[in-house]
Structures are given as structure tokens and as C-alpha cells.
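Beneath this line is the structure, given in C-alpha cells, with notes to follow.
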Amino acid sequence: MKKYIFFTIIVILIVCQFFPIDKTNPEVDSTKDFLTMENPPTEVKQLIKTACYDCHSNETQYPWYTNVAPISWWIKKHIDNGRKKLNYSNWGDYEADKKQHKLKESAEEIHEKQMPLLSYFVMHPEAKLDDTQRQMIVDWIKSKQ
């Protein structure tokens with residue numbers, strides 16, 4: 001019985017590999033990009049790019065493990081949800097009041113350590129923000145409001 005369950009799981013995992021995710025990023029218009037439009041200081045720009053852009057822009061870098069289903073499906077869902085909530089690549093398409101709301105939300109989530117997600121920076125340690133870096137981003141965002 002244990003062998004049957006084991007082989008069934010293996011077969012399911014193999015079949016899953018025939019259903020890859022779409023890793024095509026939508027086209028980026030740099031004139032509408034958050035970093036271009038808001039022009040943060042260089043250090044803040046780099047922190048946002050490293051900690052936020054993989055899930056919240058159309059510039060996602062897909063690591064090797066996104067070739068392995070069902071992990072890839074889970075990651076793709078995170079990316080799609082992240083882009084839906086806030087897409088820095090489409091910043092220029094947002095109305096002024098929506099931009100202000102997104103800035104406020106971003107500052108709160110960064111300050112409260114809700115972003116970046118733990119599940120993200122476990123595999124991307126460079127994206128983990130220390131308290132000084134968090135405060136630097138939050139202070140800059142607040143200066144924009």
C-alpha cells in the first residue's frame with residue numbers, strides 16, 4: 001500500500017511538469033514606471049527594485065525553481081496577486097488618489113514588516129530589509145504624500 005501511494009505521488013508530480021507557468025512578462029513602458037516617475041534617491045530606488053519589483057512589476061525575474069510544478073503555480077499566483085494589488089510598471093496609469101492610497105498602504109505594510117513576504121525573502125535573502133532600510137523607504141514614501 002505504501003509503495004502504491006509513493007508511486008502515485010511520483011506520477012502526479014511528473015504529470016504536473018507538463019503544465020508550466022507562463023513566464024512572459026508584459027511589456028514595460030519605462031515612462032509609466034514608478035521609479036522613473038517618482039525618482040527616489042538611489043539607495044531607496046535599489047531597495048524597492050530588489051525587495052518589491054519581482055512581484056509588483058512587469059520585470060519579474062523567474063528563478064530556476066519556477067520550472068518545477070506545483071511550486072511554480074504557487075509562485076505565479078503570488079506574482080499575479082502582487083501585480084493586481086500594485087504594479088509599479090503601470091504607476092503612470094493610476095489616478096492621483098489611487099497613487100496616494102497605494103503609497104500609504106505600501107508605507108504601512110513595509111513598516112509593519114508585512115512586505116516583502118517571508119516566503120519571498122527566504123529564497124531571496126537580498127530582499128530582506130533591515131529596520132534602517134525599512135525606515136528609509138517609509139520616510140521617503142511619506143515625503144511623497
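The values are calculated or read from the model by the stated rules, or taken from the named source; none is laboratory data. Since we're looking at a predicted model, the values are computed, not measured. Note that we place each Cβ from the backbone using ideal geometry, even for glycine, and neighbour counts take in every protein chain shown.
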Quiz prompt | Residues within region 117-145 that are surrounded by fewer than 13 Cβ atoms within 10 Å (Cβ to Cβ), part of a helix (DSSP H, G or I) and among the polar types (S, T, N, Q), tallied | solution = 3
Practice problem: Select from region 1-49 the residues that are among the charged types (D, E, K, R), under 21 Å from the mean Cα position of the chain (by Cα) and either within 19 Å of Arg83 (Cβ to Cβ) or loosely packed, with under 10 Cβ neighbours inside 10 Å (or both) and list them in ascending order. | Solution: Asp22, Lys23, Glu27, Asp29, Lys32, Asp33, Glu38, Lys49
Quiz item: What is the number of the single condition among (1) crowded, with 18+ Cβ neighbours inside 10 Å; (2) touching a Cys at 6+ places or on another chain (Cβ under 7 Å); (3) not acidic (Asp, Glu) that His78 does not meet?
Solution: (1)
Exercise. Sort through Ile75, Ile110 and tell me the only one that's modelled with pLDDT under 95, within 15 Å of the chain's Cα centre (by Cα) and over 21 Å from Asp29 (Cα atoms).
Key: Ile75
Quiz item: Among Thr66, Thr50, Thr31, which is in a helix (DSSP H, G or I), out of contact with any helix residue (DSSP H, G or I) (no Cβ under 6 Å at 6 or more places or on another chain) and of a type in the set (Ser, Thr, Tyr)?
Solution: Thr31
